[in-house]
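Input: a single structure, listed below in structure tokens.
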Amino acid sequence: MKRTVPPLAPSLLISVPHLRDPNFDHSVVLLLEHDGEGSMGLVINRETDHAMSDFCALQDLEYLGPKEAMVFVGGPVEPTQGFVLHGAPLEVPPDVAGREVAAGIWFGADMDLLRHLTRQSAIPFRLLVGYAGWAPGQLDAEIAAGAWIPRPATRELVFHPSPSEVWGLSLRDIGIDPRTLVKGGAAPN
């Protein structure tokens, strides 16, 4: 009997300590696309030094969200491109809501979507700049080399209030003690 492999996207990819690329050190990536043309995802646990309130002021956007909210680094590719993850499509107009990528997690790249989200304080959302991208077969090779641990995506991890805790929580949630992962080995850059 042939065993079918579930699709990799959407999922979370947890980097292991021996992944030597500094862009992904202790990162968790929400994998959005994975097919024969390559893969694309967003790092969900790396904040920039820029507050959402400051970004919104520069863009002339009203901002009613939490004062401590930061803009996130989505990855090293196209660092000036913005992306939005949010968690409440019923309260967002359907024409700007984007697409649901996993249960309760929506993705978009529309300024109207961002404008709608910044004018409220109840819907969890993240603004991310840049993305993580892989050529065809590259991500599969990195996973086979042990550089990434795939796991199901959850709304709780994507919008966790302490992004610095997401890497450890993502591992513990699937029964892996982060202390058991050691640096070393030969993982691709």
The correct count of residues that are in a loop (DSSP other than H, G, I, E, B) and under 14 Å from the mean Cα position of the chain (by Cα) in region 48-74 is 1
### Query
Is it fair to say S27 is in contact with a helix residue (DSSP H, G or I) (Cβ under 8 Å, 6 or more places away or on another chain), more than 22 Å from G104 (Cβ to Cβ), surrounded by 15 or more Cβ atoms within 10 Å (Cβ to Cβ) and of a type outside the set (D, E)?
no
If we take region 75-189, then helices (runs of 4 or more DSSP H) inside it with 1 or more residues that are aromatic (F, W, Y) and in contact (Cβ under 8 Å) with a residue 60 or more places away in the chain are 166-172
- prompt: What about L139, is it among the aliphatic types (A, V, I, L, M) and in contact with a Cys (Cβ under 9 Å, 6 or more places away or on another chain)?
  reply: no
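Given R155, R172, R126, which one is surrounded by fewer than 21 Cβ atoms within 10 Å (Cβ to Cβ), in contact with a strand residue (DSSP E or B) (Cβ under 6 Å, 6 or more places away or on another chain) and under 22 Å from R46 (Cα atoms)?
R155
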How many residues of region 128-167 are within 30 Å of T118 (Cβ to Cβ) and not basic (K, R)? The answer is 21
When region 11-22 is checked residue by residue, the ones that are in contact (Cβ under 8 Å) with a residue 24 or more places away in the chain and either over 17 Å from the mean Cα position of the chain (by Cα) or surrounded by fewer than 16 Cβ atoms within 10 Å (Cβ to Cβ) (or both) are P17, H18, L19, R20, D21
Of the listed residues (A132, A141), the one being within 27 Å of G36 (Cα to Cα) and surrounded by fewer than 16 Cβ atoms within 10 Å (Cβ to Cβ) is A141
Return yes or no: is R119 surrounded by fewer than 16 Cβ atoms within 10 Å (Cβ to Cβ), of a type in the set (K, R), touching an Asp or Glu at 6+ places or on another chain (Cβ under 6 Å) and at pLDDT below 95? yes
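The values are calculated or read from the model by the stated rules, or taken from the named source; none is laboratory data. Computed from a prediction, not measured in an experiment: that's the story for all the values here. Reconstructed Cβ throughout: ideal geometry from the backbone, glycine too, with neighbour counts over all protein chains shown.
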